[in-house]
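Just so it is clear, none of the values below were taken in a lab; they were calculated from the coordinates. Given the structure is predicted, the values throughout are model-derived calculations rather than measurements. A quick note on method: Cβ atoms are made from the backbone with ideal geometry, for glycine too, and the neighbour counts reach across all protein chains shown.
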Amino acid sequence: MRHHHWIGGKPEVPVSGAHLRMRDPAARLPGDDVAAGSAPDVYRAVAAAAAPQPAWARRPAAERAEAWSGDVARGLRPAERIDAGQVAVNGGALTIEIPFGGFKQSGYGREKGIEALHGYARTRTISLSPVDYLTATAWGVWACEGVLSPRDRSLLVLAMTAALGRMEEFRIHAGTTTRTGVTDAEVDELLFQIAAYCGVPAGGAARRAVKDARAEREAGS
C-alpha cells in the first residue's frame, strides 16, 4: 500500500513524487510505501495549517467560552456543562492548534479531533454464536501454528487465568499439563511467580487448585 502526505485534511502526493519502502523489523518483510518528504512539502503543510487562522480569529467570543474560579476543581465542573467545545478555565490558552468545529461553530469535533475521522470510517458488526466464538478463539489458539509451543501456551493460560482470578478455568488447565508438556517443577515455579506478581491470595488459590488437580491425576492413574 502507498501512503501520501496528509495535508489540509486530504492525502497529497509528495512534490518529488518519491516514496520510501518500509520494512517490518519483526517479520523481516517489506511493508508499505510512505511519502518521502522534502522542504516544499513542509511549506505546503505549514500553509495548510495557517489557512484556518483568519476564520478562527473571527469567531465570536461566545463560541470560545471561559470559566473563572479561585478553585480550579470547582471551575472545571461548570466548564464541563457549558455548550461550547472550547472552554478556557482561569485563562487557559485557546489557540488554533486545539480541535474545533463540533458544537455549533466551535468545539471539540470536526477539525483536529477524533470525530474528524468518522467520515473516513465505517462501522461493521460481526456477531458469532457463543459456541462458534469459543471455537474460533479459545480453541483456535491451540490449533493455530506459530512460534509458541503447546507447552508455552499452557504456561501462559495458567498465568493469565490465575492473574484474573479464574480459578475454575485455572484448575482445568492445571489438570492438562501432562498433555501439553509442562512439568510439575515448571508449574511449581509458576506458582511462585503468580504469588510474587499477582499477590499471595492468588498464589494460594492457584496452589490449592494445582494440589487438587494432581490428586485427581494420581487417583486416576
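Scanning residues 5 or more positions from Gly31 or on other chains, those with amide H under 5 Å from its amide H are Met22, Arg23, Asp24, with H placed 1.01 Å from N in the peptide plane.
Considering all different alpha carbon pairs of segment 2-50, the Kirkwood hydrodynamic radius works out to 11.7 Å.
Projecting the Cα atoms of Thr180, Leu155, Ala195 onto the charge dipole of segment 130-220, computed from C-beta unit charges around the Cα centre, puts Ala195 farthest toward the positive end.
Which value results when the Cα radius of gyration for segment 130-220 is divided by 2.2 N^0.38 Å? For segment 130-220, the normalised Cα radius of gyration is 1.09. Close amide H pairs (under 5 Å, H built 1.01 Å from N) link Ala88 with Ala65, Glu66, Ala67, residues at least 5 positions away or on another chain.
Within the shell of other residues whose beta carbon sits under 9 angstrom from the beta carbon of His3, the net charge comes to -1, with Lys and Arg scored +1 and Asp and Glu -1. Highest-first packing order for the peptide set 138-149, 195-206, 11-22 is 195-206, 11-22, 138-149, based on the mean count of other beta carbon atoms within 10 Å.
Under 5 Å from the amide H of Glu12 lie the amide H atoms of His5, Trp6, Ile7, each residue being 5 or more positions distant or on a separate chain, with H modelled from the backbone and absent for Pro and chain starts.
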